[in-house]
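See structure below.
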Amino acid sequence: MASAPKEGPANKLLEQVIRTPGRQPSPQPTHLSVPGSGTTTPRILHEKGSGYVAPKFEGKEQQMEMVMDQVEDKGFIPPEFVESETKWFYNELGIDDMYFSTETVEAYETTLVNCDGSDANQTPRIVNHIHSLYAAKVAAYARDDKQLEIRLDKEAEDHAVYIDTSKPGISSVEGPKYEQRIDEKYLNGSMGCNSYRVETFRSSSNLPGGQSQQLRCYFVYQCDFANPNPGEKETQVDKIGEKRFLQKATTNTKEIYGSVLQSAVARTGPVIEYFEIEGSREKRLVLAYKQGSAMGIFSALSDLYHYYGLTSSRKYQFSNGYTVMSLYLRPASQTNTANQRFPPIEASIHQIIKEISLLYCIPQNKFQAHFASGRLSLQETIYAHCVWVFVGHFLNRLGSEYATLLSVLDTSNSVHAELLSKLKRRLRTETFTSDYILEIIHQYPDLIHSLYLAFANTHYVQTRGEHDDFLPTLSYLRLQIDKVLSDEELSDMINKTVVNEHHGMVMTAFRIFNHSVLKTNFYTPTKVALSFRFDPVFLPPEEYAQPLYGMFLVISSEFRGFHLRFRDIARGGIRIVKSRSREAYAINARSLFDENYNLANTQQRKNKDIPEGGSKGVILLDFRHQDKSRIAFEKYIDSIMDLLLPPSSPGIKDPIVDLHGKQEILFMGPDENTADLVDWATEHARVRGAPWWKSFFTGKSPKLGGIPHDAYGMTTLSVREYVLGIYRKLNLDPSKVRKLQTGGPDGDLGSNEIILGNEQYTAVVDGAGVLVDPNGIDREELVRLAKKRVMISQFDTSKLSPDGYRVLVEENNVRLPSGEIVHNGMIFRNTFHLRGTVQFDLFVPCGGRPESIDLSTAAKLIDGGKCKIPYIVEGANLFITQDAKLRLEKAGCILYKDASANKGGVTSSSLEVLASLSFDDEGFIQNMCIRPDGTAPDFYNDYVKQVQQTIKTNAALEFEAIWREHQATDEPRSILSDKLSMAITKLDEELQETELWDNINLRKSVLSDALPSLLLEKIGLDTILERVPENYLRSIFGSYLASRFVYEHGISASQFAFFAFMNKRMKMAGAQ
């Protein structure tokens, strides 16, 4: 990383906040006004008590007599203590009558019915609990310190009981950690009928022996819902509530829960309501959120209010698709009022409300122990967690040796560049591991505190002026005492504190993080993940030669993700990466940024024909959350939108400091594991009031105006042009071409390649396994699978010839017709394209992981200096490394790389965006959206056909240009593809900066040729010029002129050729 700049701006008051010019308002439902925003006062609850009234247990006295009889019969507790111990359990622990009415006295079995109709296990027994508590007291008297320590836990599938000694307002960093246990065993996995409700109670008086200890009791029950299968948007508590809860809750409490649930269903993130209790300092917080979206938050909340010297008297939780928690908070002791360590509850309650959204983003951060112990605040630990993620990706640890090697090698040589890239990955892996970086940061809590103050001083906005109650640090005194250090002072402090150079590098990276953040939602009151917009100038140019324009980093407990773009106007897909194991996750995490950078760079080269530059987003799921694809995607999109849209709902989306100072619009699309999530993103952008919602995502369903790539074969059309171009140039008969394809009939590219192709398929490899027939796979059966979008596991093997076979990934020890034994189906699938035992003429990778063929494995495709496969058209992104491509080309292979071959999808997406920008909302719905009855407007059908023709035209132009250039220079096509992309991109950028755009006649002439004729006929050029942003039109202007010139005159065309080209265009403009 480059060195940090000097100084950042000071903490801003609201009226001084740096705003983005031209940003439009973002209407949000204002159902929640968080106290502290200065907009409202909290609601006051007039009812006394908790809001829950357990039905009076008429048989309680009789049951207590039975319990005492049972206890006495057991003989474990001395007779003189039986009554006092039993009454203490019944009357002093704060447990309500509902517990006693549903628990059994002795060891007979009571049957409960679960919501699926099955029998539940027997309930816990009161006698056992009393015995366990008494045994703990006896054990305490045997201790040297005489400290009473009670720990009781009983667990079953449908219920659990935990009882523990607890000091009010103090988090226990040791001990049994029952709340974490409840999170992990019961709450985190709660979903639908398999949900759990938690009730907690605290004893009303201290335990004998002093120490200010009380008993904390936790009761966990499997939910028995009134209606186990309500509608997705149902919020009536009487219909979705748990039966025991409905028996106990007062009418007012049900109304509160119903209101909060209505808000939660309408929102992406958590909803928090705050209530004053009449005649008491006690406060009530009600928190609602979607199940599965905040793992570990139940236990983390305790650490949060303990940090402020508060304790909870009761907690309730019930869930049915959504979880609601109700907390009753009060000062842990009366002395807290005068304790200068803690602010009064009337102030700290506001901080807790806002910090709950931080907890929601990362309930259990890597520095939680520092928070639980009170050494660091929640804000400081989550800040440190985010910087830890940042450091793991960007710490410059390659050393001077790498720089020396870089100066010796030629980075413009693709082989050298690939070698340097691999060396960089190895050096990073071997020098600093994620755990080592974490270990270093843990050693410097004081440095974290000072570095966080500098971060907060720049990005926190005081929405209530000098009286703001949510301060960058977490108590008034600390803010007054602690000085915000200058960058020079921070640098000096780090140098004096760290013990060695490695530690210094890690802690200095905090400074670089601080100065690189241009805007963040860290202080937004309600958020679902933490997002940061960076100035990417800290990236070392020797490692990342092509400078990025913009970088977003998004962090949540379920994932981490980047969004990178090379131009202001750029587009690219969003993919989700999954990991099969912890080891696979570690590898994916190390390569996350570089893979994202390379994908965006490939997109940049691929987007040569369109106005948008290249971008890409990659979401890496945490290894513990591989089933959270949808939750991760929604959080990723919503948190990035926090930085794109201005706020207009005080207490929900407050202003942020925007050091970028320019309006930003991102254009996104589907990629791996996100195709079914695009509609949600489009609708969500509309709900949040984004004026660009129509163009935000491409690949959306036709009902929202999308042009799905798979339905119309957009990407395949481009790939096919290169395949057909080879046939045309070499006079090949496609029906006699033996073809290998990775990426099978279930995928977008693979299925359409099968449907559009007419070659003799010899082998198909997909997620299910390998299908081979040297005599040609039955085309009719293969097309059937492609139209159904299913894997080769559903292929009718009776249609294979005697020499054909299928090996699935789960199969082992399979005998092939040749007699060869396949010991492992998974390994066979992963390496089949390298085997060379079957003869192929054409290989079209339509799926597979990046770098499936690299320099070391490319040798397996070469025999006697000649490539075994004469023709390769790379449909899948990054399937073959650049050095492997060059090795194969040297061995005689005619190879067209991904950046040229599969650009059809991006062309389709760009024209979809253009249509959404050109139409107003009414026109867009009328002409571009499929009707409710499934019929398409005539314009939509015609426009799709024009998009398809544009894709084929652009692909044919580039194919011819590369073929012609190779014939003239004998330079490898893989290098020519890159050179052509760079030539077009460079000329495009230069043209946009010239005065050519100011020539109105030329501008209109070029745009008349560049824009689809159907749009011009329907809307008119002048209207399009008014509606489409000027920077987007400039990009169309530049990319069209640049691509047409390079395709026509070649990569190395002279300035005279360009002069002649533009002179011709000028004459055309004058004639028009």
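See the values below:
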item	result
Cα-centred dipole magnitude for region 521-696, charges only on beta-carbon of K, R (+1) and D, E (-1), debye, nearest 20	160
Where Rh is the Kirkwood radius over Cα pairs, Rg/Rh for region 796-875	0.97
Using θ = phi - 60° and Karplus 6.51 cos²θ - 1.76 cosθ + 1.60, couplings along region 1043-1056 (whole Hz; Gly, Pro as x)	5, 5, 5, 5, 4, 7, 10, x, 5, 9, 4, 7, 5, 5
Rg/Rh ratio calculated on Cα atoms of region 837-953 (Kirkwood radius)	1.20
Low-density loop positions, trypsin sites (Lys or Arg not before Pro), region 223-269 - DSSP coil, at most 10 other Cβ in 10 Å	233
Region 679-723 - accessible surface per residue (Å², probe 1.4 Å)	25
Cβ-defined net charge surrounding residue 531, 10 Å radius [Lys, Arg +1; Asp, Glu -1]	+2
Two-site label geometry, residue 784 and residue 594: point separation in nm, points 7 Å out along Cα→Cβ	4.6
Estimated distance in nm for a label pair at residue 246 and residue 990, the labels positioned 7 Å out from Cα along Cα-to-Cβ	7.4
Approximate shape of region 661-804 as ellipsoid semi-axes (Cα gyration tensor, √5λ), whole Å, largest first	37, 18, 11
Segment residue 416-residue 489, length gained on full extension (0.36 nm per residue, minus Cα span)	22.1 nm
Whole-percent carbon and sulfur share, accessible surface of region 521-696, 1.4 Å	51
Förster-model FRET efficiency, 41 Å R0, residue 544 and residue 816, C-beta, rounded to 0.05	0.35
Dimensions in Å of region 649-712 - Rg and Dmax from alpha carbons	14.3, 45
Normalised per residue, the volume of the convex hull around the Cα set of region 521-696 (Å³)	119
Extension gain (nm, one decimal) between residue 135 and residue 92, 0.36 nm per residue minus Cα-Cα	13.7 nm
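The values are calculated or read from the model by the stated rules, or taken from the named source; none is laboratory data. Source: prediction; values computed, not measured. Heads up, the Cβs are rebuilt from the backbone with ideal geometry, glycines too, and the neighbour counts pull from every protein chain shown. All accessible areas refer to the heavy atoms of the entire protein, side chains included, with ligands and DNA or RNA removed. Shrake-Rupley method; radii C 1.70, N 1.55, O 1.52, S 1.80 Å.
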